[in-house]
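Below: one structure, written as structure tokens.
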Amino acid sequence: MASKNTICLWYDGTALDAAKFYAETFPDSAVGAVRRAPGDYPAGTQGDVLLVEFTVMGIPCLGLNGGPGIKHNEAFSFQVATDDQAETDRLWNAIVQNGGQESECGWCKDKWGVSWQITPRVLMAAIADPDRAAAKRAFDAMMGMKKIDIATIEAARRG
């Protein structure tokens with residue numbers, strides 16, 4: 001990998017599957033080098049896929065097939081800024097309908113347990129509105145959502 005700083009994500013033997021899904025789903029994403037274990041290790045044997053270099057929306061990542069001992073949680077998430085409802089729907093649905101799980105306020109998890117925030121730019125602008133009453137209305141509307149509905153956020157912001 002060319003980058004000095006890379007996000008390393010732990011998988012239980014499924015790093016290559018995850019990297020392929022991300023490359024197919026998100027723009028500016030790709031699978032890079034696949035490194036096989038040069039010897040046996042606690043979660044696998046010589047020749048198994050050990051490391052997968054991949055990029056998610058321009059961010060260099062490394063998938064480590066470290067075994068079942070460590071699980072992903074919401075302490076780490078990818079936040080994806082979307083430009084419109086079509087992009088929001090496409091990304092949310094790709095994650096959730098591929099074995100993922102819905103959560104609250106634009107959060108979801110993929111089938112590997114990695115958390116994603118599918119966040120329309122409109123939402124971020126609305127909650128940063130200098131009109132604090134408008135910002136609160138948009139924020140309150142978001143609090144009742146799973147996938148973000150841009151039209152509802154805009155209507156709440158307007159009052």
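The values are calculated or read from the model by the stated rules, or taken from the named source; none is laboratory data. Predicted model only: the values in this text are computed from it and were never measured. Please note: Cβ atoms are built from the backbone with ideal geometry, for glycine as well, and neighbour counts cover all protein chains shown.
Results, tabulated for the structure shown:
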| read-out | value |
| --- | --- |
| Some residue of segment 14-25 being surrounded by fewer than 15 Cβ atoms within 10 Å (Cβ to Cβ) and either polar (S, T, N, Q) or not in a helix (DSSP H, G or I) (or both) | no |
| Check on ALA19, closer than 23 Å to GLU87 by Cβ and in contact with a helix residue (DSSP H, G or I) (Cβ under 6 Å, 6 or more places away or on another chain) | no |
| When residues of segment 18-57 are limited to those that are acidic (Asp, Glu) and touching a residue at least 12 places away in the same chain (Cβ under 8 Å), the one nearest to GLY69 (Cα to Cα) | ASP48 |
| Conditions (1) in a strand (DSSP E or B); (2) surrounded by 14 or more Cβ atoms within 10 Å (Cβ to Cβ); number of the one not met by ALA33 | (2) |
| Test: VAL31 is β-branched (Val, Ile, Thr), in contact with a Phe, Trp or Tyr (Cβ under 6 Å, 6 or more places away or on another chain) and either modelled with pLDDT of 95 or more or not assigned by TED's automatic domain parsing to the domain that holds THR119 (or both) | yes |
| Lone unmet requirement of (1) at pLDDT 95 or above; (2) farther than 20 Å from ILE95 by Cα; (3) of a type in the set (Gly, Ala, Ser) for GLY63 | (2) |
| Meets criteria (within 25 Å of ALA19 (Cα to Cα), assigned by TED's automatic domain parsing to the domain that holds PHE21, modelled with pLDDT of 95 or more and of a type in the set (Asp, Glu)) for ASP48 | yes |
| Selection status of GLY66, at positive phi and outside the structural domain of LEU91 (by TED's automatic domain parsing) | no |
